[in-house]
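Read-outs throughout are calculated quantities, based only on the coordinates presented, and are distinct from any laboratory measurement. Quick caveat: nothing in here was measured; it's all calculated off a predicted structure. Methodologically, a virtual Cβ is constructed for each residue, glycine included, from the backbone with ideal geometry; neighbour enumeration extends over all protein chains shown.
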Amino acid sequence: MSKELVTLGRVVIRFAGDSGDGMQLTGDQFTNATAIFGNDLVTLPDFPAEIRAPQGTLPGVSAFQLHFADHDITTAGDSPTVLVAMNPAALKANLHEMPEGADLIINTDEFTKRNLDKVGYANNPLEDGSLEKYRVHEVALTSLTVEALKDFDLTRKEAERSKNMFALGLLSWLYSRPMETPKSFLATKFAKKPEILAANLKALEAGWSFGETTEVFSVHYEVKPAPARAGEYRNISGNLALSYGLIAGAQSAGLPLYLGSYPITPASDILHELSKHKNFGVRTFQAEDEIAAIGAAIGAAYGGSLAVTTTSGPGVALKSEAIGLAVSLELPLVVIDIQRGGPSTGLPTKTEQADLLQAMFGRNGEAPVPIVAPRSPAHCFDAAIEACRIAVKYRTPVFLLSDGYLANGSEPWLLPDVASLPKIEPNFLEAPNHELNGVDVLWPFKRDDETLARPWIRPGTPGLEHRIGGIEKANNTGAISYDPANHDLMTRLRQAKVDGISDDVEPMFVDDPNGDSDILVLGWGSTFGPIGAAVEISRRNGIKVAQAHLSTLNPFPANTGEVLKRYKKVIVPEMNLGQLNMLIRAKFLVDTIGFNKVRGLPFKATELVDVIKDVAAHV
Amino acid sequence: MSDSFASLKLVPKSEVTQSAKDFKSDQEVRWCPGCGDYAILAGVQSFLPELGVKKENIVFVSGIGCSSRFPYYMNTYGLHSIHGRAPAIASGLATSREDLSVWVITGDGDALSIGGNHLIHALRRNVNLKILLFNNRIYGLTKGQYSPTSEMGKITKSTPMGSLDHPFNPISVAIGAEASFVARTIDSDRKHLVEVLRQAAAHEGTALVEIYQNCNIFNDGAWEPLKDSDTADDLLIRLMHGEPITFGKEATHGVVRESDGSLRVAAASEVGSDAFIVHDAHVEDPSYAFALSRLSHPETLANTPIGVFRDVNRPVYDRQMSDQVAHAKETRGPGDLAALIRGKDTWTVS
């Protein structure tokens, strides 16, 4: 008997369980199937810093949220419509975010007295009526999995491990997801362990069949594919897109890619990814510390590689002096900061955008560094290429500020045409560049008239032997100089070089359909999605509001000041205490309105809708 | 010429005969008159033509301190970086450019204090770098504070009642990090300096050469007993591979191995000269070279070995890194960007 199929426009599922339950993997696989099915989607993994916190406890809860729809969406969803809770801790940690009427799929096997005690449930919420306002689906996930695998030569513990696959099968039935994707994933993952593969496939199938036959679920759902631009798509996370962008940037420049890195959450995945692609000529150097990591990158840049260092905020603090050296040497270098909650160790696995001022000013002396910030997981690809382009063209270190949300979140990506990626020209100097008293000489700090960039000179180039360092240099000749006027000149030249990039970057993105808005919401980085969603909702509510977003923060794109002055009110939401807001106010003398939260989570569209509504009431 | 330098086999050979003056830059040397650095600079400039490689393929990388000004005076490529980080920067350069001969110039403060971490990790990795550590047992550029090699109790600007720090022995530190080549020489002994540089340059992997160098302004005469012809022979143990380890004007003393394996200095009159051990720099086990490094007394300078303590073959990091890249290209073909970004799971919207 087939069950009723209900069509929905959008669904937000949160998978939650113990950090050892495989929730991230389950979420990833459900996401891949959803992507291939053709829905638009945004994901939000949310996991603890501890690898395996004590089992069954609140700090050990690991969650993965997926928003998918039959239309264009930009956030991972404010609140889930479905919660899959693998144990009491997962239920307790997430219930407060579940709206009335939401579906709760609960693994009843884990609701033992002991597990309930661990998280402070005096009574079993499945029995005390506290879940009345939800649609509770009780499923004995663990024992059903064990039962399904009884013919396999597995211990109970081993069989229980497949419960996430049972859950994935069940959810795949519930939302009509294709099963080929998780099946082919399992086939690859367990290619060398046929018994484990067979068990996982069986658990997956059993979950699907359970959905079809049980009375726990009376209906199931479908979400139709979302209309999208024609082309080939894949699903991609921010850190993966960023890694590919670096490889693409190096290819565009015809340079070997060199990564100096020290492991740090949430940036390590870029090191892992790039280390896999040595056939692209990529060299990865896992250094003894953050300083050595950027040191090696500077050495490689001096040698003519496209050099990169990847880290998070605490690592940037350690690299500061070396970034200053790169500013002084005027060598190309990409510094990638996957921001996380701070200060100090802070919240390693949670997102924040509070390193903007560190990137902007966190060095001794006047040491301007261009800053690029991607706005979505897929945009990390373009941002990485842009950072490489600016670094090489202007012979300067460039910051790329991503964050934990972009790094681990994912979305569908319309694959770019590799042939049409921007070309990057290293233009190494191969011969003396100046004539002095009839003799050809090298002036290592003779600048390009247009960009003010100095030449990039590789060791091994005959006749161009020269010495440079972090000591102030005479403009043009590069000789050590303590001359007051020269230092003033060099300081201004380094600043002017960076300022001049404003005409060479994409203008600031502005979305103001009728050009008649009074209010502008200005953001940067990963807040693009929530701000976009909030602006859409506000417009439907009759508010004339525009959205602008910065992908280059130093220098600001040339149109920034002019755009800001068009609006009566400018709201600047940030996941910090007002860093862009401070820069905008200082530079453009605009009386902006900050909206700031540092909860380690992306903004909810609804909270931004409220802010826009408040401001609109006072225009 | 450079065929004898296995470490330089990937560095292009010079087509012209070079002399010391080819390596002198146009910069005026700005060390204090009488500084030991002058002798080292002249020694290096006189030795480099022996390498027989193109001078544009030689790079000197330094940190911060008096010694770190060295690259400015060399007519090669040079990078004067930041305090303590030269080994890290040079590692990035050497691992990305095997066609370069990369030298690091550092001092006792730069290498052993602020840059201690980079030094030991460069040594353990065995990147093809030649590190020249100028040890004058004092901070010179900051005008006279004690350094990590200063003797205990030393009165300096920052230790008016005497330093409480136990000094590092740079050779012991390097051997502790399992450096594959470790040697010591003295600024004023040109012949010895050049011979040590020759062996260091030939070594594949990281070579650490400690150079006892005099700071005549803030720590004058720190190594004087080792230079004074009246005392030097009784204090200096000249290590020569394959030769018995003896010292004293008439080879009256030497090094013997005790039954527990440890080394000690003994008089020939006590043990007989046949008991003196023959120096073998190629011993794999670092404990032998380490024991040699422990013979010297940090204050009296008694029993101070100079020469090559250790010279062993170990896999070279940059070679292995290149091998991995080559192997990846060979087995998987050159990278195909379009295929990479497509991945395995795509879908098409028409």
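With a cap of 14 neighbouring Cβ atoms within 10 Å, and only residues DSSP puts in a loop, list the trypsin sites (Lys or Arg not before Pro) found in the stretch A:147-193.
Of the trypsin sites (Lys or Arg not before Pro), the ones in loops of the stretch A:147-193 whose Cβ has at most 14 other Cβ atoms within 10 Å are A:150, A:192.
Inter-label distance, residue B:198 to residue A:434: 4.1 nm, where each label sits 7 Å from its Cα along the C-beta direction. For chain A, the mean residue ellipticity at 222 nm estimated from helices alone is -11000 deg cm²/dmol, where every DSSP H run of n ≥ 4 contributes -39500 (n - 2.57) and the total is divided by all residues, rounded to the nearest 500.
Relative to its Kirkwood radius, the Cα radius of gyration of chain A gives an Rg/Rh of 1.02.
Can you compute the charge dipole magnitude of the protein assembly as shown about its Cα centre, using +1 on each Lys and Arg Cβ and -1 on each Asp and Glu Cβ, nothing else charged? Give it in debye, rounded to the nearest 20. Could you put the intermediate results ahead of the total?
Working: 92 positive and 116 negative charges, 141 e Å.
Computed charge dipole of the protein assembly as shown: roughly 680 debye.
When GluC sites (Glu not before Pro) are flagged only if DSSP places them in a loop and at most 13 other Cβ atoms lie within 10 Å, the longest unflagged stretch of chain B comes out as B:29-249. Phi angles across the stretch A:500-514 convert, under the Karplus curve 6.51 cos²θ - 1.76 cosθ + 1.60 with θ = phi - 60°, into 3J(HN,Hα) values of x, 5, 4, 7, 10, 10, 3, x, 4, 5, 10, 10, 9, x, 9 Hz, Gly and Pro given as x. Counting only lysines at least 8 places from residue A:224 when in the same chain, those with an alpha carbon closer than 27 Å to its own are A:3, A:183, A:604, B:344. Going through the stretch A:500-560, which trypsin sites (Lys or Arg not before Pro) have at most 12 other Cβ atoms within 10 Å and a DSSP loop state? Passing both the DSSP loop test and the Cβ count: no residue. Segment residue A:71..residue A:599, full-extension length gain: 187.2 nm, with 0.36 nm per residue of separation and the alpha-carbon distance subtracted. Full extension of the chain segment joining residue A:451 with residue A:511 gains 18.6 nm, where the gain is 0.36 nm per residue of separation less the Cα-Cα distance. Taking 0.36 nm per residue of separation and subtracting the current Cα-Cα distance, fully stretching the chain between residue A:361 and residue A:419 would add 17.2 nm.
Using helices alone, what [θ] at 222 nm do you get for chain B, with -39,500 (n - 2.57) per DSSP H run of 4 or more residues, divided over all residues and rounded to the nearest 500? Display every interim value, and only then the final one.
Values: 11 runs with 94 residues, N = 350.
Only helices count here, giving -7500 deg cm²/dmol.
Contact order, relative form, for the stretch A:234-420: 29 percent (alpha carbon pairs under 8 Å, 6 or more residues apart, mean separation divided by residue count). Simple spin-label estimate for residue B:345 and residue B:297 gives 7.3 nm between the two label positions (7 Å along the Cα-to-Cβ direction from each Cα). Note on residue A:189: aspartates and glutamates with a C-alpha under 15 Å away, same-chain residues under 8 apart excluded, are A:28, A:180, B:345.
Taking loop as defined by DSSP and a crowding limit of 16 other beta carbons within 10 Å, which trypsin sites (Lys or Arg not before Pro) in the stretch B:154-242 fit?
Filter output for the stretch B:154-242: B:157.
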